[in-house]
Amino acid sequence: RGYYLALVPLILLLMVSIYVRIDEYGVTINRYLVATLAVWLTGIVVYFIGSRKRDIRMIPLSLLGMSLLISGGPLGAFSVSERSQVKRFEHLMKSNGRLDEQGMVITGVELPDAAELQEISSVVMYLTEHHGYQMFEKYTDESLFPHSPNDGESYEPGAYDISKNVMAAFGL
């Protein structure tokens, strides 16, 4: 009977810890999944603490409902994480004076300090690895697709190569 009451402090700790990570670094796919599972677990605990009629079938049914809710569409993990990281990228670029009024990257500006440069690089790497580089094309007129380092040979660039080209195109 005390199991669900014992979970309350652990859920609070989970909520605080995931909030701190999301607040500092934005939403990623994994953080989104942890946050939604924390919300689901909170709902289950509230149900089992407050309900007189406790039906264990509620656990898999509610988990199925939550899974369907976050698997696609505007509330899907990929959509939410992409929006969050793009917003974070734009904030970092604007705070360093690297985006003009139309949202285009300004390349002739002094480089940000090492910590901010690393943060921008991390966001670019995450976005190219999980969502593709195409979203960065709206920020520049330059081609972002990496060309083969060996002319004539087929070349499949990885996320690291693509993010290097994106950073170079942005003057970073």
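The values are calculated or read from the model by the stated rules, or taken from the named source; none is laboratory data. Note that the structure is a prediction, hence the values are computed from the model and not measured. Positions of Cβ are generated from backbone atoms using ideal geometry, with glycine treated the same way; all protein chains shown enter the neighbour counts. Ligands, DNA and RNA are excluded from the accessible area calculation, which covers all protein heavy atoms including side chains. Shrake-Rupley method; radii C 1.70, N 1.55, O 1.52, S 1.80 Å.
Compared with the dominant Cα axis of the chain, that is its longest principal axis, helix 77-95 is turned about 50°. Only lysine pairs 8 or more places apart or on separate chains count here, and in the chain those with Cα atoms under 23 Å apart total 5. Taking Cβ atoms as reference points and 14 Å as the exclusive limit, the residues near S51 contribute a net charge of +4, counting Lys and Arg as +1 and Asp and Glu as -1. Which of rounded, prolate, oblate describes the range 3-73, given a ≥ b ≥ c as roots of the alpha-carbon gyration tensor eigenvalues and a/c under 1.5 marking rounded, otherwise prolate only if a/b is larger than b/c? Note, shape of the range 3-73 comes out oblate.
Could you sort the peptides 108-120, 47-59, 79-91 by per-residue average Cβ neighbour count (10 Å cutoff), highest mean leading? Let's see the in-between values first.
Values: 108-120: 12.4, 47-59: 10.7, 79-91: 17.7.
Answer by packing, highest mean first, reads 79-91, 108-120, 47-59.
Compute the relative contact order of the chain as a whole-number percentage, counting only Cα pairs closer than 8 Å that sit 6 or more residues apart in sequence.
Working: 139 pairs, mean separation 29.9, N = 172.
Averaging sequence separation for qualifying contacts and normalising by length gives 17 percent for the chain.
Within the shell of other residues whose beta carbon sits under 12 angstrom from the beta carbon of G171, the net charge comes to -1, with Lys and Arg scored +1 and Asp and Glu -1.
At what distance in nm do the modelled label points of I59 and S17 sit from each other, each positioned 7 Å from its Cα along Cα→Cβ? Result for the modelled spin labels: 2.1 nm.
Element breakdown for the chain at a 1.4 angstrom probe: carbon and sulfur atoms account for 60% of the accessible area. Counting only alpha carbon atoms, the long axis of helix 3-25 and the longest principal axis of the chain meet at about 10°.
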